[in-house]
1. Quick one: accessible surface of B:Phe67, probe radius 1.4 Å, all protein chains present, in square angstrom to the nearest 10.
2. Given a 10 angstrom Cα cut-off, can you work out which residue in B:Ala105, B:Ala149, B:Ala158 is the most mobile in a GNM of chain B?
3. Using a 1.4 Å probe on the protein chains only, how many percent of the accessible area of chain B belongs to carbon and sulfur?
4. Tell me the mean residue ellipticity at 222 nm calculated for chain B from its helices only (DSSP H runs of n ≥ 4, each -39500 (n - 2.57), averaged over every residue, nearest 500).
5. Can you tell me what percent of all Cα-Cα pairs in region A:11-167 are more than 21 Å apart?
6. What percent do you get for the relative contact order of chain A when only Cα pairs under 8 Å and 6+ apart count?
7. Which parts of region B:6-29, residue by residue, lose 20 Å² or more of accessible area when the rest of the protein chains are there, as against the chain isolated (1.4 Å probe)?
8. Ignoring ligands, DNA and RNA, how much accessible area is buried between chains A and B, both sides summed, with a 1.4 Å probe, to the nearest 100 Å²?
Number of protein chains: 2
Amino acid sequence: MGLLTKPIKTLDDLFVHTLQDIYYAEQQITKSLPKMISKVTNPELKQGLQEHLEQTRGHVTRLERVFQMHGEEAKAVTCPAIDGILQEANDIMGDAKDPEVLDAAAAAAAQAVEHYEIARYGTLIAWARELGRDDCASVLEQTLPEEKAADAKLTEIAEARLNRMAARH
Amino acid sequence: MGLLTKPIKTLDDLFVHTLQDIYYAEQQITKSLPKMISKVTNPELKQGLQEHLEQTRGHVTRLERVFQMHGEEAKAVTCPAIDGILQEANDIMGDAKDPEVLDAAAAAAAQAVEHYEIARYGTLIAWARELGRDDCASVLEQTLPEEKAADAKLTEIAEARLNRMAARH
């Protein structure tokens, strides 16, 4: 969850820190997706990632709403986890020359990103409810199914098309 | 997926590289869990993490079997994603003084770890099948439900106990 900007003493501190962590993560994803979209070839994958980029912009806005509801300034803290996941995506895609292999690598990288977000939003929703912030939980709950759907769509695309094509090479 | 030890040209290269990545990740998790277990207080969480440590050692052994079946030397490549996730776990737990808040942070960190593994094993199984390596897929498929069960158990413990306790502080 990145560099701590203040000591974690309470569940509320944890909640706010994790909000700042995922706020950073969503911003980095927004920056990384366009490059990934430009590199992939499979039209379904390209469209799926493009749609998810639009959704991700909405997730950033939703997080800003949660910060506001919770009386906190929207602030990002560096998140080494998402930095690591995106670095891996870059490394592996930068190296793959075959477009179908690159597509398979991109889909796998995007799924690792989705799973990171699924874990963090699940945690944030549980903590918001425990803190009596059902209003914040409700906003966060709009994002979680979109992350899960993006993961499921990537599985579908990857299994049905990319991998089968790449295996021929 | 860490530093590339050889160029990724084929789906087989991707499969082997990702095996090396998760092999490193499982090893790092084996090293990190004992410290986490020693720090947490909640007995169910402590026991759950202890059981998962035993399982994780089994996952390392299974990966060595897959390397062997696939005619590859078992080798780990640095995985910045798991390093980032574990660094976050360390940072957040090192800072939390309240034992119940620390437990909540530990459970959340462990869930981020599980989700990384769920993503990677899902990918590896799909690629193994596409490569016609149902034998490798079958071994990897023994691990995936254990990762999912560990995540589900953490959700259960976290939601039912830790968070409620931590919220009182």
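The values are calculated or read from the model by the stated rules, or taken from the named source; none is laboratory data. Please read all numbers here as calculations on a predicted model, not as lab measurements. Here Cβ is always computed from backbone atoms with ideal geometry, including for glycine, and neighbour counts include all displayed protein chains. Calculation scope for accessible area: heavy atoms of the full protein, side chains included, ligands and nucleic acids excluded. Shrake-Rupley method; radii C 1.70, N 1.55, O 1.52, S 1.80 Å.
1. About 0 Å², ignoring ligands and nucleic acids.
2. B:Ala149
3. Solvent-exposed carbon and sulfur of chain B make up 51 percent of the total.
4. Result for chain B: -27500 deg cm²/dmol, rounded to the nearest 500.
5. Numbers: 5372 of 12246 pairs.
Cα-Cα pairs in region A:11-167 separated by more than 21 Å: 44 percent.
6. Here the relative contact order equals 29 percent.
7. Residues shielded by partner chains are B:Ile8, B:Lys9, B:Thr10, B:Leu11, B:Leu14.
8. In total, this chain pair buries about 3700 Å².
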